[in-house]
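The values are calculated or read from the model by the stated rules, or taken from the named source; none is laboratory data. Because the structure is a prediction, the values reported are computed rather than measured. Every residue, glycine as well, gets a Cβ built from its backbone with ideal geometry; the counts of neighbours run over all protein chains shown.
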Amino acid sequence: MPVIGWLIGKTLASYIERWDHWIAFGLLFYVGSKMIYESFRGRDSLALADPTRGSRLVTLSIASSIDALAIGLSLAVLGVEMVEPAVYIGVITMILTLVGMRLGRRLGRLFGRRIEKAGGLVLILGSGLRYWFNI
C-alpha cells in the first residue's frame, strides 16, 4: 500500500491530498463499527466469520492498510525514493502481523467478544484522534 500510495502521489498528489485522511478515517470507522456490531452477534457467527480467510481477510487488509497508502502519498509529496522505506515497512508489518495474530488468538480465548468490542473502539477512537487532533 505505501508503494501504491507513492505511485499515486507521484501523479495525483495535488488532487487528493485534501481528502486522503478522511477516506482513511471513514474506512477505519467502518471496520471498527463492523467489529463492534459483530461482537454482539451469537457465537455461531464467530465460527462462520473467520477473519484469517477469504474475502474478509482481503477487506480487512485493505481497510487497515489505508494509512500506509497515505504514508506513501506523503513520501511522494516530500520527494523521497520508495525502495528502502518499502522494505522496512514490509518487514515490520509482517512481524507485527504475526505477533498480532498469535496474541489476538490468545486474547480472544481469554476475553471472548469483549476483545472484539475493544478492538473496534480502538480503531474508531485512534483514527478519529489522529485525523481530528493531529496526534
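Data for the structure
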item	result
Matching residues in the range 60-109 - criterion: being within 18 Å of residue 19 (Cβ to Cβ) and of a type in the set (Asp, Glu)	67
Residue 86 being in contact with a helix residue (DSSP H, G or I) (Cβ under 7 Å, 6 or more places away or on another chain), assigned to a helix (DSSP H, G or I) and either buried (at least 18 other Cβ atoms within 10 Å of the Cβ) or among the hydrophobic types (A, V, I, L, M, F, W, C) (or both)	yes
Verdict on residue 55 being among the small types (Gly, Ala, Ser), assigned to a helix (DSSP H, G or I), at pLDDT 65 or above and closer than 18 Å to residue 71 by Cβ	no
Some residue of the range 64-78 being β-branched (Val, Ile, Thr), modelled with pLDDT of 70 or more and more than 20 Å from the chain's Cα centre (by Cα)	yes
